[in-house]
Amino acid sequence: MTDFEYVLGLGDDALVAAQRLAQWAARAPEMEEDIALANIALDQLGTARLLLTYAGELEGADRTEDDLAYLRDDRDFHNCLLVELPEQDFAVTMAKLLFLSAYQKPLYDRLADSGDERLSAIAAKARKESAYHLDHASLWTVRLGDGTDESHRRMQDAVDRLWPYTHELFEGEHADLRAQWLATVEAVLADATLTRPADGGWTPGGGRQGLHTEHLSYLLAEMQVVHRAHPGARW
Amino acid sequence: MLQDIACGEASCNTDGVYGNDFGAPDDPAGQSLLDQVEAAERELRSAAERRLAGDDHLQGYFEAIIEADQKVEPRDWMPDDYRRSLVRQIAQHAHSEIIGMQPEGNWITRAPSLKRKAILLAKVQDEAGHGLYLYAAAETLGVSRDELVELLLSGRQKYSSIFNYPTLTWADVGAIGWLVDGAAIVNQVPLCRCSYGPYARAMIRICKEESFHQRQGFEILHTLAHGTPAQREMAQDAVNRWWYPSLAMFGPPDSDSTHSERSMAWKIKRFSNDELRQRFVDMCVQQASVLTLSLPDPDLRWNAEREHYDFTQPDFDELMQVVKGNGPCNRQRIEHRRRAHSEGAWVREAAAAYAAKRAVREPAGV
Amino acid sequence: MSDTPLWEVFVRPRRGLAHTHVGSLHAPDAELALRNARDLYTRRQEGVSIWVVPSAAIVASSPDEKDAFFDPAADKVYRHPTFYDVPEGAGHL
């Protein structure tokens, strides 16, 4: 049987990614991009809802998607650290999206063929969306990397700062996906005239075990404030 | 041209887009708003079938098009004033959609359920889309989007004053959907019959998409009004705060309204501010009773003689203050827009630089 | 920075129908124009195929030339299938 915490981790990745992307609403660099980022946020949010609902059923304690999203503290969230990092800079958002979607796409491909019927149906839907996210992030990574001097500097900086966090994605049973991930990401970085950071050194982790950065608690405080102020209310 | 379409303080806005300059259905009684949109779409098609009386004069041809309820299209000759009024009108409408993303966008990250979060995100996204449809329609009149955005950011063109009020609680998202979108739809459904083709087509598309916006607002308020005492109180408070600003969206009373006569002649206005405001009030009274919420007007009552509700007019002095920039959020809204625009400049420059490099590398290709 | 180029967007609503002009948008290049068009004009599954064309590449007839351009077709009713009387009983025409 599929593990509750594993599905919860997948759902938390999608939920926290959606929450970060939604923070771009009405402040994207171009109005067209506002719409694109909202689309991607909606995709991640939709997948999060399906996964959290399924996780709740696996747990068997009658917790709904909203119970799981709104009534857990950060120590009970199982998302990777990458998705919770703040996004003040559009280059950071695109680097995060590139790294995340290049991981989610092959992961969902694999889960779509898994023996778990529910999970495979969710993954089959989500992988098409991930392919689109990867396409979007790749286009922008190339434009920022190979655009102006300033955009090149910002994009390289974002890639360098986020690279250490990507190791956590391949902890555990899907470690072998990293080869495919690297092939995808390295090709985009090369197109973008960006340098692929070296491995080794600092490899932050712990998100899957509920040990997060300081940023997650703030993200959750904002997300949960209204829901928690009205215990038991319907919305 | 920019000077002309920039907005003098007293000359526009209040009778603007979310106010109501353009066109109107003949008899909307008994039709749902969405039916009216569809009727406008059918009429747009059938008007195109009609033959025009031949007239070799440009002015005569323009007038014949208007007379036959046909649409004026981008490359047709048109009077300068017609072009200028349209640019100003459509641009203000577009600006309103873009600025209007902020008050509701304020609650996306705090939406109290995942379902509500998804709906609100989709709604704010639609507003960006509507802004873009409208900028595209304005551009067919020979003005560029960059010029219009510049007029917005420099304060020379306005957006609807309603967005200068703050969203203080989650219930405000419901009140905006129900009252503000409701008033906007009453104003905008008539625009589906505007005599300028690209604007009419954009409005048909927008009104179809908007119908979900009003319903989601109504649903939020309905849920809150039937929830806990604290939720109910939140809903009533939001309705109390948004009611009069929503009535003010229809613009100043007819006695003070500018532009009307000419707009009537050009078939860009058939109902007055006061008529549309009355229609909105009549709609809301019944809906408020379904919500079990009250409208904050002790003098609201049915007038059997007029067959309409009597109601208290909004404070038009307050409206003029907000139009002049003295509303609670004027500065915040425009500063937010300026910041997004300036912080995004390096991204837009990068994309342009990349496109230029590629054009050199692959002159023929995509 | 100069204006981002304008693109005209055409959408094929369903298989079997022609692409129809739906509006325009701004994008720095063709790839982004196509993605933007998808997000802007097909959020509600309005299409199965999209074209984007640089607005600058469109050559349009002018309303002033309308008579010379379109009237010669007005008397060629034989181009319209309803011109023909179909004998009763002839199916599939």
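The values are calculated or read from the model by the stated rules, or taken from the named source; none is laboratory data. Keep in mind the model is a prediction, meaning the values are calculated, not measured. Virtual Cβ from ideal backbone geometry, glycine too; neighbours counted across all protein chains shown. To get the accessible areas, we keep the full protein, side chains included, count just its heavy atoms, and leave off ligands, DNA and RNA. Shrake-Rupley method; radii C 1.70, N 1.55, O 1.52, S 1.80 Å.
A compact table of results
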| read-out | value |
| --- | --- |
| Members of the stretch A:9-56 found to be assigned to a helix (DSSP H, G or I), more than 15 Å from the chain's Cα centre (by Cα) and facing chain B (nearest Cβ under 9 Å), listed by number | A:Met31, A:Glu32, A:Glu33, A:Asp34, A:Ile35 |
| Filtered residue count, the stretch A:111-155, keeping only those that are polar (S, T, N, Q), closer than 24 Å to A:Thr195 by Cα and either open to solvent by 30 Å² or more (accessible area, probe 1.4 Å) or assigned to a loop (DSSP other than H, G, I, E, B) (or both) | 1 |
| A:Ala179 vs. criteria open to solvent by less than 20 Å² (accessible area, probe 1.4 Å) and part of a helix (DSSP H, G or I) | no |
| Of all residues in the stretch B:335-366 being out of contact with any helix residue (DSSP H, G or I) (no Cβ under 7 Å at 6 or more places or on another chain) and within 21 Å of B:Lys158 (Cβ to Cβ), the one that is nearest to the other protein chains (Cβ to nearest Cβ) | B:Ala340 |
| Where A:Tyr165 falls short, out of the listed (1) touching a Cys at 6+ places or on another chain (Cβ under 8 Å); (2) facing another protein chain (nearest Cβ under 9 Å) | (2) |
| Yes/no for A:Tyr108 being under 27 Å from A:Val7 (Cβ atoms), open to solvent by less than 20 Å² (accessible area, probe 1.4 Å) and not aliphatic (A, V, I, L, M) | yes |
| Of all residues making up the stretch A:1-57, the number that are surrounded by fewer than 24 Cβ atoms within 10 Å (Cβ to Cβ) and more than 26 Å from B:Asn106 (Cβ to Cβ) | 12 |
| Residue, most open to solvent (accessible area, probe 1.4 Å), within the stretch B:100-130, restricted to residues that are charged (D, E, K, R) and in contact (Cβ under 8 Å) with a residue 60 or more places away in the chain | B:Arg110 |
| Of the criteria (1) at pLDDT 60 or above; (2) closer than 30 Å to B:Asn164 by Cα; (3) aromatic (Phe, Trp, Tyr), which one B:Trp77 fails | (2) |
| Of all residues in the stretch A:182-207 being part of a helix (DSSP H, G or I) and touching a residue at least 60 places away in the same chain (Cβ under 8 Å), the one that is most open to solvent (accessible area, probe 1.4 Å) | A:Thr184 |
| B:Ala122 vs. criteria of a type in the set (A, V, I, L, M, F, W, C), under 14 Å from the mean Cα position of the chain (by Cα) and within 14 Å of chain A (Cβ to nearest Cβ) | no |
| Any hit, the stretch B:174-185, residues being of a type outside the set (Ser, Thr, Tyr) and within 17 Å of B:Ala39 (Cα to Cα) | yes |
| Residues of the stretch B:211-247 that turn out to be open to solvent by less than 10 Å² (accessible area, probe 1.4 Å), more than 14 Å from chain A (Cβ to nearest Cβ) and among the hydrophobic types (A, V, I, L, M, F, W, C), as a count | 4 |
| Candidates B:Gln321, B:Gln332 - the one that is open to solvent by 60 Å² or more (accessible area, probe 1.4 Å), away from chain A (no Cβ under 14 Å) and within 27 Å of the chain's Cα centre (by Cα) | B:Gln321 |
| Residue within the stretch B:202-210 that is in contact with a strand residue (DSSP E or B) (Cβ under 8 Å, 6 or more places away or on another chain), touching a residue at least 24 places away in the same chain (Cβ under 8 Å) and surrounded by 24 or more Cβ atoms within 10 Å (Cβ to Cβ) present | yes |
| Of all residues in the stretch A:214-235 being open to solvent by 30 Å² or more (accessible area, probe 1.4 Å) and under 21 Å from the mean Cα position of the chain (by Cα), the one that is farthest from the other protein chains (Cβ to nearest Cβ) | A:Glu214 |
| The stretch C:12-56, residues that are in contact with a helix residue (DSSP H, G or I) (Cβ under 6 Å, 6 or more places away or on another chain), open to solvent by less than 30 Å² (accessible area, probe 1.4 Å) and more than 22 Å from B:Ala350 (Cβ to Cβ) | C:Gly23, C:Ser24 |
| Any hit, the stretch A:92-115, residues being under 29 Å from B:Arg358 (Cβ atoms), more than 10 Å from chain B (Cβ to nearest Cβ) and of a type in the set (Phe, Trp, Tyr) | yes |
| Single residue of the stretch B:131-146 satisfying the filter (small (Gly, Ala, Ser) and either open to solvent by less than 10 Å² (accessible area, probe 1.4 Å) or in a helix (DSSP H, G or I) (or both)) that is farthest from the other protein chains (Cβ to nearest Cβ) | B:Ala138 |
| Top-ranked residue in the stretch B:148-158 [being in contact with a helix residue (DSSP H, G or I) (Cβ under 6 Å, 6 or more places away or on another chain) and in a helix (DSSP H, G or I); ranked as surrounded by the fewest Cβ atoms within 10 Å (Cβ to Cβ)] | B:Leu153 |
| Residue count for the stretch B:279-311, restricted to those that are part of a loop (DSSP other than H, G, I, E, B) and open to solvent by 50 Å² or more (accessible area, probe 1.4 Å) | 8 |
